[in-house]
Structure formats: C-alpha cells, structure tokens
Amino acid sequence: MDCHCTEAQAQKLAGMGLYPALMEPCFSKYAGPDADGGLIPVLQTAQELYGYLPPDLLMYIANRMGVKPAKVIGVVTFYAQFRLNPVGKHLILLCQGTACHVNGSSGVEDAIRDHLGAGEGEITANGLFTYNNVACLGCCSLSPVMMIGARTYGGLTRDKAVKILQKIEQEDEKL
C-alpha cells in the first residue's frame, strides 16, 4: 500500500528521530502479497533499529505491509518480545518464576530497584537501565537469575546484583 498517508507518517517518524528508510530492505523482503508471515520479522527489525515500537511506527508498518492496524497491534500486544515504550540502554529481565522466587528474587528486585532509583518498566535518570520482571527465563538451576542484554547472571544475592549493575555503570562511563 503506497499512499500519501504513508509519506506523511514517514515524515512524522523522521521528526521523532525514527527514520523509516532504514526499514526498506526489510519491507522489500517481507511486504507484499507473497510475503505471508512477514509481519513478525518486520516488527523485530523495527524494534532492533528503534528500541521500541511507538504507535506512529505501528501505523506506518501496517500501511507498508498492507495489513490492518488492528492486526499489527494484535501481534505486538500478544508477543512479550515487543515493547511499546522506550527502555534504557541495558534492559534487565529479572526472573520471578517459582525457583527464583523461592530462592530470593524478591529481595534481588528490591536491591535492583533501590540501586537504580527506578521502578519496574521505568528508565533510570541516566538512561542506562530499565528492569522488568518476567515469568521465567528457563534457567531454574541458576536461580535467582536475571538477564541483561544477552548475558545471564545466576546465583544472585542482593549484593551480587548491585555489584553487576555497578560494573556495567563503570564500563559505560569509560565509553
């Protein structure tokens, strides 16, 4: 679907610092009548590029993919991998599954929240972190456990979690 509304949406997104032209290779691969099932890879690419999926971007994707906005929003809200709000540079996923809970994840969460000065889903004042609780990370033998980016940290205590965060903060200061 190529219309003036898509062009206007692209300009609006560019004004927000989101450049839809970066998505063109993905649209070329997945958009169109023969690209059934391409919506999820397009959304994954958009989130990888922009960090999250704001409403204006979802409307743009719907138009470019030729699908109804409700379908795009339905996919984004169904799958936990998609984010509708911006996050800090480092996304912390803290497991709250049974094994982690029994082994002290609530205390680890308290320590993380106190150290960051931000609640769940909030971005820290310095923009470095956002933490979210998740149902399970599938690392029960390491409980309590958290992931920061692609790295898994297990056997957490309150002190160990804070030391991990401090190390990341120090590494970011060097950049």
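The values are calculated or read from the model by the stated rules, or taken from the named source; none is laboratory data. Treat the numbers as computed from the prediction; the structure is a model and nothing was measured. Using ideal geometry, Cβ is built from the backbone for each residue, glycine included, and neighbour counts are taken over all protein chains shown.
Data table
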read-out: Breaking point among (1) in contact (Cβ under 8 Å) with a residue 24 or more places away in the chain; (2) more than 19 Å from Gln166 (Cα to Cα), for Ile123; value: (2)
read-out: Some residue of segment 43-54 being exposed (fewer than 14 other Cβ atoms within 10 Å of the Cβ), more than 15 Å from Ala21 (Cα to Cα), modelled with pLDDT of 90 or more and not β-branched (Val, Ile, Thr); value: no
read-out: Count - residues of segment 16-26 that are surrounded by fewer than 20 Cβ atoms within 10 Å (Cβ to Cβ) and either assigned to a loop (DSSP other than H, G, I, E, B) or not charged (D, E, K, R) (or both); value: 6
read-out: Test: residue in segment 54-77 that is basic (Lys, Arg), more than 26 Å from Leu91 (Cα to Cα) and free of Cβ contacts under 8 Å to residues at least 12 places away in the same chain; value: yes
read-out: Criterion violated by Asp110 - all others in (1) surrounded by 14 or more Cβ atoms within 10 Å (Cβ to Cβ); (2) modelled with pLDDT of 95 or more; (3) not polar (S, T, N, Q) satisfied; value: (1)
read-out: Of the criteria (1) closer than 23 Å to Ala14 by Cα; (2) crowded, with 19+ Cβ neighbours inside 10 Å; (3) touching a Lys or Arg at 6+ places or on another chain (Cβ under 8 Å), which one Gly127 fails; value: (2)
read-out: Residue count, segment 121-162 (criterion: among the hydroxyl-bearing types (Ser, Thr, Tyr) and in a helix (DSSP H, G or I)); value: 1
read-out: Test: residue in segment 163-170 that is in a helix (DSSP H, G or I), of a type outside the set (A, V, I, L, M, F, W, C), at pLDDT 95 or above and closer than 24 Å to Gly97 by Cα; value: yes
read-out: Residue in segment 29-36 that is outside any helix (DSSP H, G or I) and either buried (at least 16 other Cβ atoms within 10 Å of the Cβ) or assigned by TED's automatic domain parsing to the domain that holds Asn132 (or both) present; value: yes
read-out: Filter result for the condition that a residue is over 30 Å from Ala10 (Cβ atoms) and part of a loop (DSSP other than H, G, I, E, B), over Ala118, Ala111, Ala80; value: Ala118
read-out: Pair list, Cβ < 7 Å and 6+ apart or interchain, from segment 135-160 residues that are under 13 Å from Val108 (Cα atoms) and free of Cβ contacts under 8 Å to residues at least 12 places away in the same chain to residues that are part of a helix (DSSP H, G or I) and not polar (S, T, N, Q); value: Tyr153/Ile164
read-out: Within segment 68-95, tally of residues that are aliphatic (A, V, I, L, M) and under 17 Å from Pro54 (Cα atoms); value: 8
